[in-house]
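Everything below concerns the one structure shown next.
The values are calculated or read from the model by the stated rules, or taken from the named source; none is laboratory data. Predicted model, so just to flag it, every value in this text is computed and none were measured. Every residue, glycine as well, gets a Cβ built from its backbone with ideal geometry; the counts of neighbours run over all protein chains shown. The protein model used for the area step is the full one, side chains on, heavy atoms only, and it has no ligands, DNA or RNA in it. Shrake-Rupley method; radii C 1.70, N 1.55, O 1.52, S 1.80 Å.
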Amino acid sequence: MKLKNIFVVMILGFIIPFIAACGSDETGSTEKSKNSPGSDEKVLHFPNPEAIPSMDPSIATDESSFVYLAATMEGLYRLDADAKAVPGIATRHDVSEDGLTWTFHLREDAKWENGDPVTAHDFVYSWQRAVDPATGSEYGPYMMNNVIKNATAVSSGELPKEELGVHAEDDYTFVVELENPIAYFETLVTFGTFLPLNQKFVEEQGDKFATSSDTLLSNGPYTMENWTSTSDSWGLVKNESYWDAETVQMDKLTFKVMKEPQTAVNLYNEGSLDRVDLSSDLVDQYATNDEFHIQPATFVYFIKFNQEAHPALANKNIRAAISQAFNKEALVNEILNNGSIVANGLIPKDFTPIPETGEDFREVNGDLVTYDLEAAKQAWQQGLTEINEEKVELELLVDDDETTKLMTEYIANQLETNLEGLTVNIKRVPKKQRLDLDTKMQYEMQISRWGADFLDPFTYMNLWTTDSGNNMMGYSNSEYDRLVLETTTTYATDNVKRYENFLEAEKILFEDAAIAPIYQSSIAQLVSPRVKGIHYNPFGPTYEYKWADIAE
């Protein structure tokens, strides 16, 4: 089913061609191609920018985790090549006249890897687990509060998890009650947080659940092989127990963590890798190559300010000064050089149109914070006066990959050069550690990013409400909270008013200098037309591997 005519789907995803490999094994060493003459096994080899932070659907919060959850598990629906929801465990659904009750009818031939049937009870257990305070999930409350009936009360501990608005009418009928009608609910449930879990298996594993291949249970296209929570390599192997196994053409996909783009390119040129992302210094070298592609994306990068970690960051003028003191145009053109564009707001360009007019959200709200050196210096001096300081020393938390390193050094240099008295100390850590420090609010500033989880501005705007599990920076504005909340309550069925609220809330976010937008990403890659069927999603898991194949 389409997203109803309330939304016009701006599909950024398209089928990305990939290359059949001479191949590397899971340690990255070159080996004879698994696709060579005489071999019937189909294998592709890819790099990954970081280790997988989590394979627990209730705990995962990042891009890599959701990509591999999508590959190994199946929810009610799955996104196809056009980013439309197609049947997964659910074959169809009914919606009540008031839009509040969704009844999903599940297929009876879906099985877990261990042979157990996938039932409505698995969804009930998983969704309750995701909002149970004892689980400690960020995404459970973020995705379900004010959406699923009683989710907010359950996640805050006011009601037991059994009061969440979900139940199994029978083994193959799953019923969901909503707080308010939600037009995009069908695509929302394609997201990883809404995947089912086998309660008996999860409880048998205890604290070890989802920490290794042996403590995972797949019901999707692939199973995970040779993975632990600290692995720098792993494989996806075709799941013969999957209900739609005949559609899965690949026998195996292997992945290796590679932080150095040049190393990955060298292996690609040797035929040991089948896709590589290019850093800025490599783009010009390969821009005329037939296998070079620019893939637009909806990830927006920004600086988060922890207002509780440093007195200077509690000052709006200090935050505003930092937001305006670095040249973003030079950053995307010279440092990134991969098709990324400057971000001067939160909602990305070409993501969602305004109802009725069809105008792009970003165009309508315009540039809300730009590089403005004069304004930055003025705000900086005013901020220093207000906090009674002449100098400020701040720590900037970032990931440890090469592209982030170059970007961070550029931004830190710009800030120290343009804001007299500012010292920026860079703290580089693996992504998993950064996410943990973010959750614990143990940082001062950090470079973070957000990609769409579903096709609606709410996926970005809900990040910064006071009680959001993704806020984690001490920001709170009651008017912002009201505007965003009304899009799911008062104006749930009035899309024109919803978007008016979104437009106004975004303006408030930057009037408060809550975050400093940097850029909207694109990905420069080398890929090959020999491989077909892997598509890039404009929201949800970045890559979909179910339909991967090698061209004849």
Looking only at the range 268-293, filter to residues that are assigned to a helix (DSSP H, G or I) and not small (Gly, Ala, Ser); which one of those is surrounded by the most Cβ atoms within 10 Å (Cβ to Cβ)? TYR268
Look at ASP467 and say whether it is modelled with pLDDT under 95, open to solvent by less than 10 Å² (accessible area, probe 1.4 Å) and among the charged types (D, E, K, R). no
Conditions (1) closer than 21 Å to TYR519 by Cα; (2) in contact with a strand residue (DSSP E or B) (Cβ under 6 Å, 6 or more places away or on another chain); (3) open to solvent by less than 60 Å² (accessible area, probe 1.4 Å) -> THR423 fails only (1)
Result of the Cβ filter at 7 Å on the range 438-454, keeping first residues that are of a type in the set (Lys, Arg) and partners that are surrounded by 23 or more Cβ atoms within 10 Å (Cβ to Cβ) and in a strand (DSSP E or B), at least 6 apart or interchain, is ARG449/VAL300
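Do we have ARG362 as open to solvent by less than 20 Å² (accessible area, probe 1.4 Å) and either in contact with a Lys or Arg (Cβ under 7 Å, 6 or more places away or on another chain) or under 29 Å from SER476 (Cβ atoms) (or both) here? Even if it seems obvious, please write down each step before you answer.
Working: open to solvent by less than 20 Å² (accessible area, probe 1.4 Å): no; either in contact with a Lys or Arg (Cβ under 7 Å, 6 or more places away or on another chain) or under 29 Å from SER476 (Cβ atoms) (or both): yes.
Answer is no for this residue.
Can you say whether ALA245 is modelled with pLDDT of 95 or more, among the hydrophobic types (A, V, I, L, M, F, W, C) and out of contact with any Phe, Trp or Tyr (no Cβ under 7 Å at 6 or more places or on another chain), as far as the supplied structure shows? Write out each step before concluding.
Details: modelled with pLDDT of 95 or more: yes; among the hydrophobic types (A, V, I, L, M, F, W, C): yes; out of contact with any Phe, Trp or Tyr (no Cβ under 7 Å at 6 or more places or on another chain): yes.
Spelling it out, ALA245 is indeed modelled with pLDDT of 95 or more, among the hydrophobic types (A, V, I, L, M, F, W, C) and out of contact with any Phe, Trp or Tyr (no Cβ under 7 Å at 6 or more places or on another chain).
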Which condition from (1) modelled with pLDDT under 95; (2) among the aliphatic types (A, V, I, L, M); (3) open to solvent by 10 Å² or more (accessible area, probe 1.4 Å); (4) touching a Ser or Thr at 6+ places or on another chain (Cβ under 7 Å) is the one that ALA452 breaks? (3)
Could you grab the pairs with beta carbons closer than 8 Å, sequence gap of 6+ or different chains, first residue in the range 105-122 and without any contact (Cβ under 8 Å) to a residue 60 or more places away in the chain, second one part of a loop (DSSP other than H, G, I, E, B) and among the aliphatic types (A, V, I, L, M)? PRO117/ALA110
Quick check on my filter: what residues within the range 350-372 are at pLDDT below 95 and either among the charged types (D, E, K, R) or under 18 Å from TYR519 (Cα atoms) (or both)? ASP350, PHE351, THR352, GLU356
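Report yes if MET407 is over 25 Å from MET55 (Cβ atoms), assigned to a loop (DSSP other than H, G, I, E, B), open to solvent by less than 10 Å² (accessible area, probe 1.4 Å) and out of contact with any Ser or Thr (no Cβ under 8 Å at 6 or more places or on another chain), otherwise no. Before you say what the answer is, go through the steps one by one.
Details: over 25 Å from MET55 (Cβ atoms): yes; assigned to a loop (DSSP other than H, G, I, E, B): no; open to solvent by less than 10 Å² (accessible area, probe 1.4 Å): yes; out of contact with any Ser or Thr (no Cβ under 8 Å at 6 or more places or on another chain): yes.
For MET407, the condition - over 25 Å from MET55 (Cβ atoms), assigned to a loop (DSSP other than H, G, I, E, B), open to solvent by less than 10 Å² (accessible area, probe 1.4 Å) and out of contact with any Ser or Thr (no Cβ under 8 Å at 6 or more places or on another chain) - is not met.
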Residue among THR223, THR230, THR247 that alone is within 22 Å of the chain's Cα centre (by Cα) and surrounded by fewer than 19 Cβ atoms within 10 Å (Cβ to Cβ): THR230
For ASP367: the one exception among (1) open to solvent by less than 90 Å² (accessible area, probe 1.4 Å); (2) outside any strand (DSSP E or B): (1)
I need the strands (runs of 3 or more DSSP E) fully contained in the range 36-107, keeping only those with at least 3 residues that are surrounded by 19 or more Cβ atoms within 10 Å (Cβ to Cβ). 43-48, 77-79, 101-106
Please go through the range 134-182 and give me each residue that is open to solvent by 40 Å² or more (accessible area, probe 1.4 Å) and under 25 Å from the mean Cα position of the chain (by Cα), ordered by number. ALA134, GLY136, ASN146, LYS149, THR152, SER156, GLU179
Residues of the range 472-507 classified as crowded, with 18+ Cβ neighbours inside 10 Å and among the β-branched types (Val, Ile, Thr), total: 3
Which of the helices (runs of 4 or more DSSP H) found entirely inside the range 411-486 contain at least 1 residues meeting this: more than 22 Å from PRO53 (Cβ to Cβ)? 458-461, 478-486
Within the range 374-385, which residues are loosely packed, with under 15 Cβ neighbours inside 10 Å and within 34 Å of the chain's Cα centre (by Cα)? none
Some residue of the range 388-401 being of a type in the set (Val, Ile, Thr), within 30 Å of SER229 (Cα to Cα) and open to solvent by less than 30 Å² (accessible area, probe 1.4 Å): yes
Residues that are in contact (Cβ under 8 Å) with a residue 60 or more places away in the chain, farther than 30 Å from THR288 by Cα and of a type in the set (Gly, Ala, Ser): does the range 506-513 have at least one? yes
Across the range 76-88, what is the total count of residues that are out of contact with any Pro (no Cβ under 7 Å at 6 or more places or on another chain) and under 24 Å from THR173 (Cβ atoms)? 8
Among all residue pairs at least 6 apart or on different chains, which show Cβ distances below 8 Å where the first residue, located in the range 459-487, is at positive phi and the second is assigned to a loop (DSSP other than H, G, I, E, B)? MET472/ASN306; MET472/MET441; GLY474/ASN306; GLY474/GLN307; GLY474/GLU308; GLY474/ALA309; GLY474/MET441
Would you tally the residues in the range 185-204 being out of contact with any strand residue (DSSP E or B) (no Cβ under 9 Å at 6 or more places or on another chain), among the polar types (S, T, N, Q) and more than 16 Å from ALA60 (Cβ to Cβ)? 2
